[in-house]
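Below is one structure; the comments refer to it alone.
Where a number appears in this text, it was derived from the coordinates with a stated rule and is not lab data. Predicted model, so just to flag it, every value in this text is computed and none were measured. Reconstructed Cβ throughout: ideal geometry from the backbone, glycine too, with neighbour counts over all protein chains shown.
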């Protein structure tokens, strides 16, 4: 059986010590390696695959654009897919009269959002406003700007001397740090006043916490209170929907659960369902017009921005989501998934919390349920559970550091939104079996 890992070959692998199989193909919610083993893609990779593998509609749309014009620079031409895709997206984003800036990844669209917030403030005569407040225990990307608002210590530490650090506040975490939205919003206000409102350009956060904390749903009053604080001090509210957007949580956008309208929205993972590296930033036409009047153009760019083939993939993905009512399916199957996870694992002595919304669920693993004490990071519990599931033919996602930035294990599931009831049963059966088996040894 062939496995690929460093130092063989010439690839600088993402995980150097993981001996990985060679992929053959994918279909629906399943992947197959070269040896014929089948894997249930229970997390869509890292919460990317939403319309499933092997969708001919997406492949054919990309091929049509590849045959017409594979690449043009965004400063020179537009394309039919870009114009049509933006028009279609305008009907599903929560921002009124939106404008879309297309890039290639979550890190890129976050970086763009930070720059946009700064330039909007300057265009409005607020040239001192340059700080963007983030949250502790958050993740927004690997570029230095995105890392500056990220709150995951292990990802930030090696690069602290290279970045302009930003203020951070507490993230909602009801399992370990129960606090109302009003209390958390008051903390945000306190930090704003500490630094000075005239220095704060924006606040960025995930509507539902992503991989760092693992599917943490905030208190119901959290986002309305945050919106009120931002409005009180002229601060732009940026929602990072890179992981939880495009129907993942049973609504088009995570923020839709609270009917709060952001000033800037960014998303990426599910935008083209994994068929093309694509993401976008959305903001209002008024904000774009302020930029135009003040500067002529948005001071940002990218060689592969506004990519026509990417837009073709994104539009085809969006049409599938709408035609097959996959956002509704995410809500329905999400209720079933959560109930079955709880039925199989809530009595396990090492399961501290089971949480989620739609088709994004997480299980926090603890050493002691009563004290909520996490396992030491050196034991790599979440990684070992991931490996056991992988060996059994189930792909999940995992993270370490949720409890205190270093310790704390979370495993996550987020299957493609096409998943049906029997496949939910299969996923949960494999996961429950793996958790009980691991701790029985």
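For residue 439 and residue 406 in one chain, what is 0.36 nm times their gap in residues minus the Cα-Cα distance, to one decimal in nm? Before the final figure, lay out each step's value.
Values: separation 33, 0.36 × 33 = 11.88 nm, distance 2.15 nm.
This chain segment gains 9.7 nm when fully extended.
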For the chain, percent of DSSP beta bridges that are antiparallel (nearest 5) comes out at 70 percent
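Any idea what the relative contact order of the stretch 57-323 is, in percent, if you count C-alpha pairs under 8 Å spaced at least 6 apart? Walk me through the intermediate numbers first.
On the way: 504 pairs, mean separation 81.1, N = 267.
So the answer I get is 30 percent.
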Classify the stretch 126-278: rounded, prolate or oblate, from the alpha-carbon gyration tensor (a ≥ b ≥ c, eigenvalue square roots; a/c under 1.5 rounded; otherwise prolate if a/b is larger than b/c)? rounded
Over the chain, with a Gaussian network built from C-alpha contacts below 10 Å, which listed residue (384, 152, 115) shows the highest mean-square fluctuation? 384
Looking at the square roots a ≥ b ≥ c of the eigenvalues of the Cα gyration tensor of the stretch 159-236, which shape do they give, rounded for a/c under 1.5, prolate if a/b is larger than b/c, or oblate? oblate
Estimated distance in nm for a label pair at residue 286 and residue 2, the labels positioned 7 Å out from Cα along Cα-to-Cβ: 5.8 nm
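Where Rh denotes the Kirkwood radius from the mean inverse Cα pair distance, what is Rg over Rh for the stretch 57-323?
Ratio of gyration radius to Kirkwood radius for the stretch 57-323: 0.96.
Set the Förster distance to 35 Å, then compute FRET efficiency between residue 391 and residue 57 from the Cβ-Cβ distance, nearest 0.05.
Working: r = 33 Å, r/R0 = 0.95.
For R0 = 35 Å, the calculated efficiency reads 0.60.
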Take the alpha carbon atoms of the stretch 1-31, find their center, do the same for the stretch 50-64, and report the distance between the two centers in whole angstrom. 23 Å
Hey, any idea what the orientation-averaged projected area of the convex hull of the stretch 88-204's Cα atoms comes to, in nm²? 9.2 nm²
For the stretch 274-323 and the stretch 165-233, write down the distance between their C-alpha centroids in whole Å. 27 Å
Separation of the residue 23 and residue 379 label points, Cα + 7 Å toward Cβ, nm: 3.3 nm
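If I take R0 = 35 Å and measure r between the Cβ atoms of residue 194 and residue 124 in this structure, what FRET efficiency does the formula 1/(1 + (r/R0)^6) give, to the nearest 0.05?
On the way: r = 23 Å, r/R0 = 0.65.
Once rounded, the FRET efficiency stands at 0.95.
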Could you pull out which residues in the stretch 43-87 have an amide N less than 20 Å from a spot 7 Å beyond the Cα of residue 325, following the Cα-Cβ vector? 50-52
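Using a/c under 1.5 as the rounded threshold, could you call the stretch 15-126 rounded, prolate or oblate? The axes a ≥ b ≥ c are square roots of the C-alpha gyration tensor eigenvalues, and prolate needs a/b larger than b/c, oblate otherwise. Please report the intermediate quantities before stating the final value.
Numbers: a/c = 2.33, a/b = 1.67, b/c = 1.39.
Prolate, because a/c is 1.5 or more and a/b exceeds b/c.
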Most fluctuating residue given options 142, 333, 76, as computed from a GNM of the chain linking Cα atoms under 10 Å: 76
Candidates 397, 13, 173, ranked by Gaussian network fluctuation over the chain, Cα under 10 Å, top entry: 13
